[in-house]
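These notes concern the structure reproduced below.
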């Protein structure tokens, strides 16, 4: 019995470990938004939406990667710049430089609506995408809640097993009692298991 209990506890510990690994991978995932890219019409103004998850208003980690290449001569250098503004038109991120540079910028921004404004010369291809990790702000809270939930299920499962075992034991004890000590049930004689001749006041007439 003790060995079975140790095995059961070990299985729950493994489950706790696995569920936290799964959540860590989920929390680290990033959602990507293609803003401008090859083969698509360039838009100097793009709307960017940062959505919170589960109603959280925590700031979100954001990464913007940009590259500008001359369409006719990839080795040619030209000026390029972009800026990200919030709904109040405040600049929260910006960059200015030249083509043939792969630039990655990171920031932590609150959920909301933003606008990406890009300025480039003619015949320039803009490659811009934004990555956001929406679950990162609630990663720690998720670990705590999932762990507590799993622990609650483990204790609940143990309590249910104990309750069922006690009920089975009570039924077995009742079935093993002599008939005289069993609790009388109320119902029809045939349901209670009594013989009909034992309970009726009528008897068959005596014949000689």
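Which of the residues that make up segment 34-55 are under 25 Å from residue 142 (Cα atoms) and assigned to a strand (DSSP E or B)?
As a first pass, look at segment 34-55 and keep what is under 25 Å from residue 142 (Cα atoms): 49-55.
Across segment 34-55, the qualifying residues are 49, 50.
Select, from 173, 151, the only residue that is loosely packed, with under 10 Cβ neighbours inside 10 Å, modelled with pLDDT under 85 and part of a helix (DSSP H, G or I).
On the way: 151 fails: loosely packed, with under 10 Cβ neighbours inside 10 Å.
One residue alone meets the criteria, 173.
Across segment 30-59, what is the total count of residues that are exposed (fewer than 11 other Cβ atoms within 10 Å of the Cβ) and within 18 Å of the chain's Cα centre (by Cα)?
3
Could you tell me which residue of segment 121-148 is farthest from residue 47 (Cα to Cα), considering only residues that are over 30 Å from the mean Cα position of the chain (by Cα) and assigned to a strand (DSSP E or B)? Break it down into steps so the answer makes sense when it comes.
Step one: list which residues in segment 121-148 are over 30 Å from the mean Cα position of the chain (by Cα), which gives 121-127.
The next check asks that each one be assigned to a strand (DSSP E or B); those that pass are 124-127.
Values: 124: 20, 125: 19, 126: 16, 127: 15 Å.
Only one residue tops the list, namely 124.
The values are calculated or read from the model by the stated rules, or taken from the named source; none is laboratory data. These numbers come from a predicted model, not from an experiment. Positions of Cβ are generated from backbone atoms using ideal geometry, with glycine treated the same way; all protein chains shown enter the neighbour counts.
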